[in-house]
Amino acid sequence: MTLAALEDEALDLLADRPLVVLTGAGLSTDSGIPDYRGPGAPTRAPMTYQEFVATPEAQQRYWARSHLGWQRMGRALPNDGHRALAALDPDLLITQNVDGLHEAAGSRRLVALHGRVSEVTCLACRATSSRADLERELDALNPGWLERHGWVESRPDGDVDLDDTRDFVVPRCTCGGSLKPHVVFFGENVPPDRVARCYAAVEALGTSGAMLVAGSSLTVMSGLRFVKRAAAGGTPVVIVNRGLTRGDPLATYKLEVGCSEFLGRLVRRSLKLSGRARADMFSDPRSAGDR
């Protein structure tokens, strides 16, 4: 079977069923945010929670890098894939991404599994504050930092490759506690209420719904567990990702195509079935002979 025929079967499966969608870093690459494990991605070792809380020097290193990375991630805009998922409005959209682009695109029923990099929390008093406010303070405390280091390479979680961070000044919470981005680091657990909501949505699909994975290698269990739960319940699973994933043995269909393009086609297929098709929405770049 050709890739085009396989894709058409997957689209037919998804277009008129209740959906739960799980997205990963591969969905945001079209917005200029690199991913960790896509083809050609360099090997990266993100800071773990245990490393972050261990020493003030580790927190200094994290914030010095993240301050630079924020200048890019903070300006990223939703791409066609984000907009397509907002238009599809699945029963639940589970994202492993912390970039906030699904929210910016207008998705409503959403679980940001690993939190949002646009928020900051205090490790002592647990107060939550705005990342934008912290960025202004970091600018004031570290004049010229962005100009000196703005060339360094970005990472997918919003920081950069930079070794010398000894001179960087990190503010503290008004209570005196250490500040941390309001995201789940490697080595931390996803809050149980988020996990429970995701499991409930997946289990509700049964055999009449479907689960779609877009842009995730499913390397970490925080996302793979929902694919496992769907497959155990007889729910068809479609995985759209360039490269192998840990969920491939569980997939009804595995497609190595671009996320934005596939999701645009799914929107058009769904709208056509519902009688709400619009010729100007998510135009199909393929030639007629490829469809």
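The values are calculated or read from the model by the stated rules, or taken from the named source; none is laboratory data. Keep in mind it's a predicted model, so treat the numbers as computed, not measured. A quick note on method: Cβ atoms are made from the backbone with ideal geometry, for glycine too, and the neighbour counts reach across all protein chains shown. Quick note on the areas: whole protein, heavy atoms, side chains included, nothing else; ligands and nucleic acids left out. Shrake-Rupley method; radii C 1.70, N 1.55, O 1.52, S 1.80 Å.
Data table
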| quantity | calculated |
| --- | --- |
| Residue in segment 204-245 that is surrounded by the most Cβ atoms within 10 Å (Cβ to Cβ), counting only those that are more than 22 Å from S28 (Cβ to Cβ) and β-branched (V, I, T) | T235 |
| Residue identified as open to solvent by 30 Å² or more (accessible area, probe 1.4 Å) and at pLDDT below 95 among S130, S118 | S118 |
| Positions within segment 170-208 being in a loop (DSSP other than H, G, I, E, B) and free of Cβ contacts under 8 Å to residues at least 60 places away in the same chain, in sequence order | P171, R172, C173, T174, C175, G176, G177, N189, P191, G206, T207 |
| Selection from segment 89-104 of residues that are among the small types (G, A, S) and either buried (at least 21 other Cβ atoms within 10 Å of the Cβ) or touching a Ser or Thr at 6+ places or on another chain (Cβ under 6 Å) (or both) | G100 |
| Every residue from segment 106-115 that is buried (at least 19 other Cβ atoms within 10 Å of the Cβ) and not in a strand (DSSP E or B) | S107, L113, H114 |
| Conditions (1) open to solvent by less than 40 Å² (accessible area, probe 1.4 Å); (2) under 16 Å from V184 (Cβ atoms); (3) of a type in the set (D, E); number of the one not met by E51 | (1) |
| Residue list for segment 243-263, filter: of a type in the set (A, V, I, L, M) and part of a loop (DSSP other than H, G, I, E, B) | L244, A251, V257 |
| Unmet criterion (only one of (1) modelled with pLDDT of 90 or more; (2) surrounded by fewer than 21 Cβ atoms within 10 Å (Cβ to Cβ); (3) over 18 Å from the mean Cα position of the chain (by Cα)) for G40 | (1) |
| Complete set of residues in segment 222-242 that are at pLDDT 95 or above and in a helix (DSSP H, G or I) | G223, L224, R225, F226, V227, K228, R229, A230, A231, A232 |
| Residue in segment 43-93 that is farthest from C122 (Cα to Cα), counting only those that are touching a strand residue (DSSP E or B) at 6+ places or on another chain (Cβ under 7 Å) and of a type in the set (D, E, K, R) | D91 |
| Residue within segment 185-203 that is crowded, with 17+ Cβ neighbours inside 10 Å, at pLDDT below 95 and among the hydrophobic types (A, V, I, L, M, F, W, C) present | yes |
| Scan of segment 66-93 for residues that are of a type in the set (A, V, I, L, M, F, W, C) and in a helix (DSSP H, G or I), ordered by number | L68, W70, M73, A84, L85, A86, A87, L88 |
| From the options A58, A86, A64, A76, residue that is under 17 Å from R116 (Cβ atoms), open to solvent by less than 30 Å² (accessible area, probe 1.4 Å) and at pLDDT below 95 | A76 |
